[in-house]
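Participant: A single structure is presented below for examination.
The values are calculated or read from the model by the stated rules, or taken from the named source; none is laboratory data. Just so we're clear, the structure is a prediction, and the values are computed from it rather than from any experiment. Here the Cβ positions follow ideal geometry from the backbone for every residue, glycine too, while neighbour counts run over all protein chains shown. Protein only, heavy atoms only, side chains kept; ligands, DNA and RNA dropped before computing areas. Shrake-Rupley method; radii C 1.70, N 1.55, O 1.52, S 1.80 Å.
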Amino acid sequence: MELQTISRAASAGPLFILMCHQLCEQKNQYRFYSGSKSVGFRSFHKCLRPKLSYSSKCIGASNSFASDVGEDPYVPILDTQLFDAKVMYCVAPAMGHNQESHPESHFRVPAIVSALEKMELSSKYRCSSVIELKNFRPASVEDIASVHARAYVSGLEKAMTQASEKGIIFIDGSGPTYATSTTFQESLIAAGAGISLVDSVVAASKVNQNPPVGFALIRPPGHHAIPQGPMGFCVFGNVAVAARYAQRVHGLKRVFIIDFDVHHGNGTNDAFYDDPDVFFLSTHQVGSYPGTGRIDEVGCGSGEGTTLNLPLPGGSGDTAMRSVFEEVIVPCAQRFKPDIILVSAGYDAHVLDPLASLQFTTGTYYMLASNIKQLAKELCNGRCVLFLEGGYNLQSLSYSVAESFRAFLDEPSSASEFDDPAILYEEPSAKVKEAIQRVKHIHSL
């Protein structure tokens, strides 16, 4: 099967035009963050060394850890010093996968890294408490094929020749999902970052009651990519690939996936819709792209009941999400008894994000990160890995990720330095309560 590619003219539909228009006001932010190239990203699409290295270089001191791979080539033997870590992260910015003025651009991950540096939350400043995992291997085609059709994977690889000739091609008719000549390899690297973090978090959990939380700062994002192909800015389902990998390699049979992106994670939803061993829980804005994720979509066959979709009304914010976490997410996870928690961490529900109309704040994301960490500690020995999904206002994205790091470090929130309560309006509390009660009834919570 050949991967369908779409000409630039044919793909310039209303959705893309609207997104470009919404992002015009962010142009100055893009210019500001483009200076973050000085952070010094390596060429991620070059061949990676077969060793995992862990960097926790501090101002005034230098500690760099490299770990050889043991008998199982997928499981790193970690230096004992690493077990002081509270956060372990990977950076895969996909600098070659980019289209000018596209909301899912190569400015996103550098903006986050720049903010972490500025706030002294990176491995450079935090010694052994924050570890950057470097030189991780890309995902293999076999890893990707555990979720996606082989015809799609091979078709995308072949399409790189066309992308190299044309500069950029569009590979999805439902939204402006593009590909450049580096997209295939950089998408393997993004998925590989998540897999490597699963390896490291699982290894740490065997010797430490409080293993670090993993965070894959990666792109392209993945939760819209369906088993048959790309969709909605997403190429490979990073969190879905990691879930299958955790089951296959580490024997972590029961995987609980939380998706708090503002858009429904339809690709992840579809990948596990009939699987009783993967619980997929998505909160998203009602009526938003891609129009899936109805509250009555609960799974099918033996997987009936292990998919929970909770569409939230526009204007829902911190109060709504706190209620959702306490009344829906916690009891679902407790009943499911997961072996690991994976998170599609989309930051586009922020009130400043241009592509939706929820009212999350950086404080909301601090709360979510803190509560998810605690939930993992209580239910699955702390095994938890987050995967970057959406988030298109560079400032709210980077500050919100930074707040997540603070939560994982057990440090007080600094959300008040960024959040402006004056721009918030009253949440639709009655509609939120109705939605929560309905989903609790459907799932017998």
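Participant: Considering amide H positions built from the backbone, and no H for Pro or chain starts, which residues 5 or more places from Val262, or on another chain, come under 5 Å of its amide H?
Facilitator: Asp348, Ala349
Participant: Too long at a 30 Å Cα-Cα cut-off: which of Lys158/Lys337; Lys134/Lys158; Lys134/Lys440; Lys86/Lys118; Lys337/Lys433?
Facilitator: Correct reply: Lys158/Lys337; Lys134/Lys440.
Participant: More than 23 angstrom separation, counting every C-alpha pair in the range 211-326; what % is that?
Facilitator: 29 percent
Participant: Within the accessible area of the range 168-231, what % is carbon and sulfur when the probe is 1.4 Å and the other protein chains stay in place?
Facilitator: 49 percent
Participant: Under the rule a/c < 1.5 gives rounded, and otherwise a/b versus b/c splits prolate from oblate, where does the range 256-385 land using the Cα gyration tensor?
Facilitator: oblate
Participant: Taking the Cα centre of the range 231-289 as the origin, how large is its charge dipole in debye, to the nearest 20, when only Lys and Arg (+1) and Asp and Glu (-1) carry charge on their Cβ atoms?
Facilitator: Taking the Cα centre of the range 231-289 as origin, the dipole is about 240 debye.
Participant: Here's a follow-up. Sorted by average packing, counted as other Cβ atoms within 10 angstrom per residue and highest first, what order do 327-336, 261-270 take?
Facilitator: 261-270, 327-336
Participant: Let me know the shape class of the range 259-325, please: from the alpha-carbon gyration tensor, a ≥ b ≥ c as square roots of the eigenvalues, rounded when a/c is under 1.5, otherwise prolate if a/b is greater than b/c, or oblate.
Facilitator: It comes out prolate by the Cα gyration axes.
Participant: Based on the mean of other beta carbon atoms within 10 Å per residue, what is the order of 409-418, 203-212, 340-349, 430-439, most packed first?
Facilitator: Highest to lowest by the protection proxy: 340-349, 203-212, 430-439, 409-418.
Participant: Which residues' amide hydrogens lie under 5 Å from the amide hydrogen of Leu308, considering only partners 5 or more residues apart or on another chain, with H built in the peptide plane?
Facilitator: Those qualifying (amide H under 5 Å, at least 5 residues apart or on another chain) are Phe280, Leu281, Ser282.
Participant: Over the range 140-230, one equal point on each Cα, no solvent: what is log10 I(q)/I(0) by the Debye formula at q = 0.15, 0.16, 0.18 Å⁻¹?
Facilitator: Values returned for q = 0.15, 0.16, 0.18 Å⁻¹ are -0.64, -0.71, -0.84.
Participant: Under 18 Å Cα to Cα from Lys253, which aspartates and glutamates show up? Leave out anything in the same chain fewer than 8 places away.
Facilitator: Correct list for Lys253: Asp143, Asp199, Asp274, Asp275, Asp277, Glu304, Asp339, Glu378.
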